[in-house]
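Read through the structure below, which is laid out as structure tokens, and then see the notes.
The values are calculated or read from the model by the stated rules, or taken from the named source; none is laboratory data. Keep in mind that what you see is a predicted model, and the values were worked out from it rather than measured. No Cβ is skipped: glycine too gets one built from the backbone with ideal geometry, and neighbour counts run over all protein chains shown. Just so you know, the surface numbers come from the protein's heavy atoms only, side chains and all, with ligands and any DNA or RNA stripped out. Shrake-Rupley method; radii C 1.70, N 1.55, O 1.52, S 1.80 Å.
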Amino acid sequence: MNHYGSPPERTPPLAMVLFGASGDLTSRKILPALANLADNGRLSENFTVIGVARTVWDDEQFRQAALADVANAGPTWRALVERFRYVAGEYASQETFDRLKVLLAEADANYKTAGNRLYYLATVPEAFAMVAEALAKENCNVPGDGGEFARLVVEKPYGRDLGSAIALDEAVHKAFNEDQIFRIDHYMGKETVQNVLALRFANAVFEPIWNRRYVEQVQITVAESLGVEHRGGFYETAGALRDIVQNHVMQVLALTLMEPPTGMDARHIRDEKVKLLNAVDIPTPDEAVDKSVRAQYLGGEIDNVAVSGYRQEEGVSPESETETYVALRLRVENWRWAGVPIYVRTGKRLPHRVTEVALQFHSVPFLAFDGAMSRQLRPNTLVLRIQPQEGISLHFGAKVPGEAFRVQSVAMNFEYASSFQETKETDGYPRLLHDAMNGDATLFIRSDEVQQAWRIVDPYLQAWSEPGGGLHFYNAGTWGPHIAELLLERSGDAWRTPTP
Ligand code: BG6
């Protein structure tokens, strides 16, 4: 079922099984997203949640957590939480699944969940394959009596390199068919990420200039001012390339640079994204060193507050070699983008939180304005601001009022908040959960897509795996190490400084 653009208001009857129910992701993202759907009347009345996790809780403790995790929950959420059940147990244990099956049968009987299942893997990634296999062994990979579907939602990280992603896919595919699998990347649920499609394919003016003839370079920035918070232990095993570039950056890049799809459904959109990712140049490990910068934050100041360095964070080794910043110079080798540098960067503890895509256009072939007249003129740039202050701005030259003829760059701004009054679900989870419940896979990541994204980043992981691995350092509160400037300076380019 594909109905991108017009999701039905209410979900079909179903029981959701949440593995990792006592975890951080459940508490920060999944339960608040469910509460949002419940309180906005978007969940079926025939719906309930069964939590599964190793933490020794009972039903009541899970319910208390589900209330505590949701600030300002409405009455619908409170009533729904009364139904929640909880299974405490190991993911590898038969007992866990025996109990789960009893509770699923009870859900069908008590809440008419109609044999439909949505299994959500929000566990540690090491348990993904194990849980999928156990579900299949217990025949939970097919709908219950009279049901229409059994779906599996899988969180990130999906593998830690190409080899492990392929192995995970093989294990999961033994248990579920690809069309039952919904791999989440919460960036795809963001309104402004989806708006890239609207901007490009619902307007006639942009598409003709969206190519190498007009675009000189593309910059994608995912900057965070936060550090690793309480996730130091996890982050030590990940680093910025795995945590952000392989997934969020690749998704934004694919939507920005792909060819127009012939339909706005799961197959057409994902086919185009994969085609684009297939065209991203895969460097040799030597080239990868030359085309990348990896760095880690030292102590510094953000918004006049002193913050500590990465190696001093909780759960982080004092000798850690993990990168918290990555900059890459990519190429897309197809007719549309050949020769256009695609610069991407992401980092923690940068001056402020901002995600944006900037297309910088070629300068005019001949500038009739001399130095003094045009000193403040910059190339035309179209900036898609993903977050915060979501919007789009076009930067162009305008005459400065007055007798002297001077031109200067100005911006024409569209802001989401001033054009649309509705409250937006900015973190993406409610939208994605709703889509998974309705069986719309358009915004989820297909197997070939996730593997290709790993194929692109793998050479960097390999190139950096030597001790020291070319790790640089930057002070918290700056835009990264100086050497990242040189990555662009070589081609006469410079990073933008995104506005707060
Ligand atoms: C997550 C990463 O996927 O995305 C985090 O694991 C990161 O490290 C987060 O902070 C950023 O998401 P957002 O929606 O705040 O941009």
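Things worth noting here:
- Formal net charge of residues neighbouring PHE234 (Cβ-Cβ distance under 14 Å; K, R +1; D, E -1): -2
- Heavy-atom accessible area with a 1.4 Å probe sorts MET412, MET258, MET130, largest first, into MET412, MET130, MET258.
- Centre separation in Å (Cα based) which lies between the stretch 470-491 and the stretch 67-110: 48 Å
- Applying a DSSP loop filter and a limit of 11 other Cβ atoms within 10 Å to the trypsin sites (Lys or Arg not before Pro) in the stretch 366-474 leaves ARG375.
- 222 nm mean residue ellipticity, helices alone, for the chain (DSSP H n ≥ 4; -39,500 (n - 2.57); rounded to 500): -9000 deg cm²/dmol
- Length gained on full extension, ARG28 to ALA71, computed as 0.36 nm times the residue gap minus the Cα-Cα distance: 14.4 nm.
- Oblate is the label for the stretch 14-155, because a/c, from the alpha-carbon gyration tensor with a ≥ b ≥ c as root eigenvalues, is 1.5 or above and a/b does not exceed b/c.
- Alpha-carbon gyration tensor eigenvalues x 5, square-rooted, for the chain, Å: 42, 26, 22
- Multiplying the residue separation of SER465 and SER317 by 0.36 nm and removing their Cα-Cα distance gives an extension gain of 51.6 nm.
- Computed label-point distance, nm, for sites SER491 and GLN94 using a 7 Å Cα→Cβ extension: 5.9 nm
- Modelled label positions at ARG267 and ILE166, each set 7 Å beyond Cα in the direction of Cβ, lie 2.7 nm from each other.
- Taking all protein chains as they are arranged and a probe of 1.4 Å, the heavy atoms of ASP108 leave approximately 40 Å² accessible to solvent.
- The distance separating the Cα centre of the stretch 326-371 from that of the stretch 147-171 comes to 33 Å.
- Check: the chain dipole with +1 on Lys, Arg Cβ and -1 on Asp, Glu Cβ, in debye: 1100 debye
- The heavy atoms of LEU471 offer some 20 square angstrom of accessible surface to a 1.4 angstrom probe.
- With loop membership from DSSP and a limit of 16 other Cβ atoms within 10 Å, the longest segment of the chain without GluC sites (Glu not before Pro) is 230-313.
- Between PHE396 and ALA198, the FRET efficiency from the beta-carbon distance, with R0 = 35 Å, is close to 0.95.
- Within the shell defined by Cβ-Cβ distances under 9 Å, the residues around GLY115 carry a net charge of -2, with Lys and Arg each +1 and Asp and Glu each -1.
- Accessible area of the chain belonging to carbon and sulfur atoms, whole % at 1.4 Å probe: 52 percent
- Accessible surface ranking for VAL81, VAL364, 1.4 angstrom probe, highest first: VAL364, VAL81.
- Fully extending the segment from GLU126 to GLU45 would add 25.8 nm, taking 0.36 nm per residue of separation and subtracting the current Cα-Cα distance.
- Under a model in which nothing but the beta-carbon of Lys, Arg (+1) and Asp, Glu (-1) is charged, the stretch 301-444 shows a dipole of about 720 debye around its Cα centre.
- Rounded FRET efficiency, nearest 0.05, which uses the C-beta distance separating ASP145 from GLU9 and R0 of 41 Å: 0.95
- Residue range of the chain that is longest and free of chymotrypsin sites (Phe, Trp or Tyr not before Pro) which are both DSSP loop and sparsely packed (at most 10 other C-beta within 10 Å): 1-334
- 1.4 Å probe accessible area per residue over the stretch 174-285, in Å²: 35 Å²
- Label sites at ASP281 and ASP303, each approximated as a point 7 angstrom past Cα along Cα to Cβ, lie 3.9 nm apart.
- Neighbours of ARG10 by Cβ distance under 9 Å: Lys/Arg scored +1, Asp/Glu scored -1, total -1.
- Along the axis of the charge dipole computed for the chain (Cβ charges of +1 for Lys and Arg, -1 for Asp and Glu, origin at the Cα centre), the listed residues SER22, VAL193, TYR297 are led at the positive end by VAL193.
- Accessible area expressed per residue, the stretch 14-155, with surrounding protein chains retained (probe 1.4 Å, Å²): 41 Å²
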